[in-house]
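Any read-out appearing in this document is the output of simple, stated calculations on the displayed coordinates, not a laboratory observation. Please read all numbers here as calculations on a predicted model, not as lab measurements. Heads up, the Cβs are rebuilt from the backbone with ideal geometry, glycines too, and the neighbour counts pull from every protein chain shown.
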Amino acid sequence: MLGFNNKILIAKLKDNDASAWREIVNLYSDRLFAYALSLCSDRELSSDIVQHVFITIFETRHNLNPDYSLKSYLYRSVYNKFIDDYRKEKSMSALHEQYYFMLNQFVTNTSDEDLSMKLKKMNVIIDKLPERTKKVFILSKQSGLTNIEISENLNISIKTVEGHITKAFKLLRQDVKNLKL
């Protein structure tokens, strides 16, 4: 560290001092990455977590309290982001499992003629989805793209992709129940 202590570093950061920001990133990025990697064993996810934490710290720098340890705050932020991502992934996995279960039930319990008719009805239901939600859903389920790929393809955040998929499942579930498919 360039002789900055915690209070001085935070004070300089609050004053928009670029050297303080560089110092924090240089001092903690490798350590936080190693910590995130120990939590999730995924290099890409670890990098994303650390990047998110640094962005959040920068955006909320004026709220930092110089009386608290920056190091502890950063490590706790990495941990909290990991837990948030884990919970969201678990929730999305449950939705995907439910989707594939419903799809499997749909296919195995019908004759070829019924299946053809039901698929046509299902496509009509999918076509009724809001345009952006439909596009995200089709890219995810029919084209098999990951949420990250969809995010990059459509230039939207991963959270927005997840929101559209969740919305699509909810609307499809309602319409399928109403039509008793």
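Can you pull the semi-axes for the chain, root of five times each eigenvalue of the Cα gyration tensor, sorted largest first, whole Å? Write down the numbers at each step before the final one.
Values: eigenvalues 436, 48, 31 Å².
Those come to 47, 15, 13 Å.
If you line up the long axis of helix 43-59 against the longest principal axis of the chain, both from Cα atoms, how many degrees apart are they, to the nearest 10?
60
Quick one: plug the Kirkwood hydrodynamic radius of the stretch 18-70 (C-alpha pairs) into Stokes-Einstein at 37 °C, 0.692 mPa s, and report D in µm²/s.
Working: Rh = 11.8 Å.
Rounded to a whole number, D works out at 278 µm²/s.
In whole percent, what relative contact order does the chain give with Cα contacts below 8 Å and a gap of six or more residues?
Numbers: 106 pairs, mean separation 31.7, N = 181.
Relative contact order here is 17 percent.
Run the helix sum for the chain: -39,500 (n - 2.57) per DSSP H stretch of 4+ residues, divided by residue count, reported at 222 nm to the nearest 500 deg cm²/dmol.
Values: 8 runs with 145 residues, N = 181.
Dividing the helical sum by the residues of the chain leaves -27000 deg cm²/dmol.
In debye, nearest 20: dipole of the chain around its Cα centre with unit charges on the Cβ of K, R (+) and D, E (-)? List each step's numbers first, then the result.
Values: 27 positive and 22 negative charges, 112 e Å.
For this selection, approximately 540 debye.
Do you know the relative contact order of the stretch 110-179, to the nearest whole percent, from alpha carbon pairs under 8 angstrom that are 6+ apart?
On the way: 36 pairs, mean separation 22.6, N = 70.
It rounds to 32 percent for the stretch 110-179.
For the stretch 110-179, compute Rh as the Kirkwood radius over C-alpha pairs and then the Stokes-Einstein diffusion coefficient at 37 °C and 0.692 mPa s; write the answer in µm²/s, rounded to an integer. Present the calculation step by step, with values, prior to reporting the outcome.
On the way: Rh = 12.7 Å.
Taking Rh from Cα pairs, D becomes 258 µm²/s.
So how tilted is helix 18-40 from the main axis of the chain? Cα-based, degrees 0 to 90, rounded to 10.
It is inclined by approximately 50 degrees.
If you line up the long axis of helix 70-108 against the longest principal axis of the chain, both from Cα atoms, how many degrees apart are they, to the nearest 10?
So the helix axis and the longest Cα principal axis differ by about 10 degrees.
In terms of Cα to Cα distance under 20 Å, which lysines are near enough to residue 7, apart from those fewer than 8 places away along the same chain?
Partners within reach: 71.
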